[in-house]
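Chemist: For reference, the structure I am asking about is given below.
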Amino acid sequence: MATNNYLQGTIVKALAGYYYVQPADPQAETVQCRARGIFKKRGVSPLVGDRVGYTLTDNGEGAVEEIAPRSSELIRPPVANIELAVLVFSVTEPELSFILLDKFLVHIEHAGLETAICLSKSDLAQTEGSAGDSAREALRRVRSVYEPMGYEVFETSSRHTEGCDQLRDKLSGRLSVFAGQSGVGKSSLLNALVPGLTLETNAISDRLGRGKHTTRHVELIDLGGRSFVADTPGFSQLDFAELGIEDLGYCFREMRELAPSCKFRGCTHVHEPACAVLQALAEGSVDAGRHANYVLFMEEMREKKRRY
Ligand code: GDP
Ligand code: ZN
């Protein structure tokens, strides 16, 4: 960036018109900054994750002077420069929703981010009974359907601190976002990953007799060594507002790969003759559950379009 001698840092929190900038030195305290009026004039607002140049002002605060070009920009949650999306799904409790997993994957393929699938509460796969059965089945399905497509899969147990080192290595040196339904164990996992971190978990808030407070703002957790994780409680409700129906096939990796072999350009892989995807589906090399979710999402998107 920059020709100027601005101080350099990363916005780690945005709240009530202030931007909290972490200086390049991870030991240093964050600087509470306002954004220069020029950004508003240009219709740009700083985002959490932005790498910025800032100056110190007389009142002990700072001012964001410039924003480095962004490598990515998520609208929901509003975070810039995310490189890796970690999709957290518990193997059971709550049961793994493959609809939600595929939805997340669509969104992430569309955003062009790297993805890791994290299967949390892996200790439950060692238990007897129906919970153990559903955990084992979820693991089997993810390993056999998603891993061969090139998605990296991690199994973690915060309870037994298992799989945490591997995941921590994956996060190293970049900005990641953790996404997943509430209750899958994201807070427990982050606490297990980051020494000294004490995010509130459901277990604690249940004991105190109040729901876990759901913050709306995004905050980056500093893991040191330029590794940051965005804690984004609101991220579980994704929709396809910015995604066109024609983009959907591209966001399913296996369909993207087969599409050039379909007879018709713009094939939707639902009813067309000589469709390579439908043929692979019949042969069992495209997973039936994935294709069913694809059709479901397409219907949802059509439905939504009709309503506007
Ligand atoms: P979040 O809503 O995704 O942040 O989930 P929490 O971290 O608050 O955890 C939700 C519930 O799952 C709590 O009751 C935790 O005790 C439980 N939990 C979290 N991690 C694990 C784990 O590794 N194994 C098991 N068995 N339970 C877990
Ligand atoms: Zn096709």
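Chemist: Which residues, taken from the range 151-178, are of a type in the set (G, A, S), in contact with a Lys or Arg (Cβ under 7 Å, 6 or more places away or on another chain) and surrounded by fewer than 17 Cβ atoms within 10 Å (Cβ to Cβ)? Break it down stepwise before answering.
Modeler: At the first step, the residues of the range 151-178 found to be of a type in the set (G, A, S) are 157-158, 163, 172-173, 176.
Now narrow it down to the ones that are in contact with a Lys or Arg (Cβ under 7 Å, 6 or more places away or on another chain): 157, 173.
Selection gives G173 alone.
Chemist: Test G244 against the stated conditions and say whether it is open to solvent by less than 40 Å² (accessible area, probe 1.4 Å), under 30 Å from S172 (Cβ atoms), modelled with pLDDT under 95 and more than 10 Å from ligand 2 (Cβ to nearest atom).
Modeler: Details: open to solvent by less than 40 Å² (accessible area, probe 1.4 Å): yes; under 30 Å from S172 (Cβ atoms): no; modelled with pLDDT under 95: yes; more than 10 Å from ligand 2 (Cβ to nearest atom): yes.
When the stated conditions are applied, G244 does not pass them.
Chemist: Of all residues in the range 273-303, how many are open to solvent by 60 Å² or more (accessible area, probe 1.4 Å), over 22 Å from V145 (Cβ atoms) and more than 16 Å from ligand 2 (Cβ to nearest atom)?
Modeler: Residues in the range 273-303 being open to solvent by 60 Å² or more (accessible area, probe 1.4 Å), over 22 Å from V145 (Cβ atoms) and more than 16 Å from ligand 2 (Cβ to nearest atom): 2 in total.
Chemist: Test I82 against the criterion of being open to solvent by 60 Å² or more (accessible area, probe 1.4 Å), outside any strand (DSSP E or B) and among the aliphatic types (A, V, I, L, M), and give yes or no.
Modeler: Details: open to solvent by 60 Å² or more (accessible area, probe 1.4 Å): no; outside any strand (DSSP E or B): yes; among the aliphatic types (A, V, I, L, M): yes.
Criteria not met by I82.
Chemist: Quick one: how many residues across the range 119-137 are of a type outside the set (S, T, N, Q) and either touching a helix residue (DSSP H, G or I) at 6+ places or on another chain (Cβ under 8 Å) or outside the structural domain of F104 (by TED's automatic domain parsing) (or both)?
Modeler: Our first condition is that a residue be of a type outside the set (S, T, N, Q); within the range 119-137, this holds for 119, 121, 123-125, 128-129, 131-133, 135-137.
Narrowing the set further to residues that are either touching a helix residue (DSSP H, G or I) at 6+ places or on another chain (Cβ under 8 Å) or outside the structural domain of F104 (by TED's automatic domain parsing) (or both) leaves 119, 121, 124-125, 131-132, 135-136.
Matching residues across the range 119-137 total 8.
Chemist: Please go through (1) surrounded by 15 or more Cβ atoms within 10 Å (Cβ to Cβ); (2) farther than 21 Å from A138 by Cβ; (3) more than 23 Å from the chain's Cα centre (by Cα) for V270 and return the number of the only condition it doesn't satisfy.
Modeler: Of everything listed in (1) surrounded by 15 or more Cβ atoms within 10 Å (Cβ to Cβ); (2) farther than 21 Å from A138 by Cβ; (3) more than 23 Å from the chain's Cα centre (by Cα), V270 misses just condition (1).
Chemist: Given the conditions (1) hydroxyl-bearing (S, T, Y); (2) in contact with a Gly (Cβ under 8 Å, 6 or more places away or on another chain); (3) open to solvent by 20 Å² or more (accessible area, probe 1.4 Å), which single one is not true for S122?
Modeler: Condition not satisfied by S122: (3).
Chemist: Out of (1) at pLDDT 95 or above; (2) exposed (fewer than 15 other Cβ atoms within 10 Å of the Cβ), what's the single condition that is false for G60?
Modeler: Going through (1) at pLDDT 95 or above; (2) exposed (fewer than 15 other Cβ atoms within 10 Å of the Cβ) one by one, G60 breaks only (1).
The values are calculated or read from the model by the stated rules, or taken from the named source; none is laboratory data. Just so it is clear, the structure is predicted and the values come from calculations on it, not from any experiment. Neighbour counts are summed over all protein chains in view; Cβ atoms, including those assigned to glycine, are modelled from backbone coordinates with ideal geometry. We work out accessible area using only protein heavy atoms, side chains counted, and drop any ligands, DNA or RNA first. Shrake-Rupley method; radii C 1.70, N 1.55, O 1.52, S 1.80 Å.
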